[in-house]
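The values are calculated or read from the model by the stated rules, or taken from the named source; none is laboratory data. Predicted model, so just to flag it, every value in this text is computed and none were measured. Every residue, glycine as well, gets a Cβ built from its backbone with ideal geometry; the counts of neighbours run over all protein chains shown. Surface accessibility is based on the protein's heavy atoms, side chains included, excluding ligands, DNA and RNA. Shrake-Rupley method; radii C 1.70, N 1.55, O 1.52, S 1.80 Å.
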Amino acid sequence: MYRTYISLCLIVILAISTGCDPKAPPDASDGTKFRVVTTIGMITDIVKNVGGDRVEVIGLMGPGVDPHLYHASAGDVQKLNSASLIFYNGLHLESKMGDILAKVPGDTKTVAVTDAVDRSLLLTPPEYEGQYDPHLWFNVTLWMKAVVKVRDVLSEFDPDSTGTYRSNAERYLAKLTELHRYVISQVKRVPPQQRVLVTAHDAFNYFGKGYGFEVRGLQGISTATEAGIADVQELATFIAERRIPAIFVESSVSSKSLEAVKAAVKSKGFNVEIGGELFSDAMGNEGTPEGTYIGMVRHNIDTIVGALIGASGLQNPPTTEN
């Protein structure tokens, strides 16, 4: 398996590095698009919104795909080779693939969207061994910086369409500002002492810091790290002692580990419910609301709030406290 992965990595480098000059964008007057390849769905959504009719966007990682465990396939090599631009998250989210793409020479420009974020704003949890937490999209205001990065890169690559990219980005950023306000309004429905989010892995730290939640994950930031029996028992004790009513599975992570947590909590004399499925490292199916970044975020916050205070609580007016 390891040799196969290394071979694919070499193929990526050799295939993409063919040629010397950057691929020029086609003339916009004839409606011809240029190809952009993205990794995770959240970035795909940005490029579609900002690039509009000027770009053909190909996302490598679809619904339910875990980017921590993702390995480039031979088919991906062809997609990467045909791209004018490649956008990826960075911060080791895409494992070895991110490192490879960041160093690729040749005629395809590669961009980590998280390069737009000041490192002082990034989280460095101790369990991640000095690396940054890559899950920025759970704080909408931080993810807006990725939108600006995409806008600026597209404008630099295709300067004749700068006006298009800027107007598209402005509209999208306005929607994200509204989304951020919506999340805040929903969070206010949950009493401060109930703002505890327990999930399969630590993907929601930016959400917790940005919106005032205590966050606990069974696994670490990367799903490549498996949880053991001691981890299950420790989390179960925490849930039982704090009397947390609900925990949440993730669409891109197996639910078996949290089912084990639920059983362990019950053995301690307390019942915790599975509050629903959250989208963490991947969005929902294309064509559904959750298949967009905005729809994904709205689904997540509605699911969290609904489970923690009860579905009827969503009908109550928000309080004024933070």
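So the values come out like this:
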quantity	calculated
Evaluation of Y172 against (1) of a type in the set (F, W, Y); (2) under 15 Å from V297 (Cα atoms); (3) buried (at least 23 other Cβ atoms within 10 Å of the Cβ) (one fails), failing number	(3)
Considering residues of the range 76-89 that are outside any loop (DSSP other than H, G, I, E, B) and in contact with a strand residue (DSSP E or B) (Cβ under 7 Å, 6 or more places away or on another chain) only, the residue surrounded by the fewest Cβ atoms within 10 Å (Cβ to Cβ)	K79
Condition check for L218: within 30 Å of K109 (Cα to Cα), touching a residue at least 12 places away in the same chain (Cβ under 8 Å), open to solvent by 10 Å² or more (accessible area, probe 1.4 Å) and under 21 Å from the mean Cα position of the chain (by Cα)	no
Test set (1) surrounded by 19 or more Cβ atoms within 10 Å (Cβ to Cβ); (2) assigned to a loop (DSSP other than H, G, I, E, B); (3) without any contact (Cβ under 8 Å) to a residue 40 or more places away in the chain - T114 fails condition number	(2)
Qualifying residue in the range 53-75 (condition: in contact (Cβ under 8 Å) with a residue 24 or more places away in the chain, open to solvent by less than 20 Å² (accessible area, probe 1.4 Å), touching a strand residue (DSSP E or B) at 6+ places or on another chain (Cβ under 7 Å) and part of a strand (DSSP E or B))	yes
Among the residues listed as E250, E321, E273, the single one being farther than 25 Å from V140 by Cβ and modelled with pLDDT under 95	E273
Unmet criterion (only one of (1) polar (S, T, N, Q); (2) modelled with pLDDT of 90 or more; (3) touching a Gly at 6+ places or on another chain (Cβ under 7 Å)) for T18	(2)
Inter-residue pairs, beta-carbon under 8 Å, first at pLDDT below 90 and in the range 27-38, second assigned to a strand (DSSP E or B) and open to solvent by less than 70 Å² (accessible area, probe 1.4 Å), 6+ apart	none
Filtered residue count, the range 177-206, keeping only those that are open to solvent by 10 Å² or more (accessible area, probe 1.4 Å) and either of a type in the set (D, E) or touching a His at 6+ places or on another chain (Cβ under 8 Å) (or both)	3
Residues satisfying the stated conditions in the range 117-144, i.e. open to solvent by less than 50 Å² (accessible area, probe 1.4 Å) and among the acidic types (D, E)	D133
Which numbered condition R243 misses (of (1) basic (K, R); (2) touching a strand residue (DSSP E or B) at 6+ places or on another chain (Cβ under 9 Å); (3) more than 29 Å from G62 (Cα to Cα))	(2)
Residues being over 16 Å from the mean Cα position of the chain (by Cα) and at pLDDT 95 or above - total across the range 121-132	1
Search result, residues across the range 145-169 that are aliphatic (A, V, I, L, M) and buried (at least 21 other Cβ atoms within 10 Å of the Cβ)	A146, V147, V150, V153, L154, A169
The range 295-322 residues that are within 11 Å of V187 (Cα to Cα), paired with ones that are in a helix (DSSP H, G or I) and at pLDDT 95 or above (beta carbon under 6 Å, 6 or more apart)	I301/V183; I301/Q186; V305/Q186; L314/G306; P318/S185
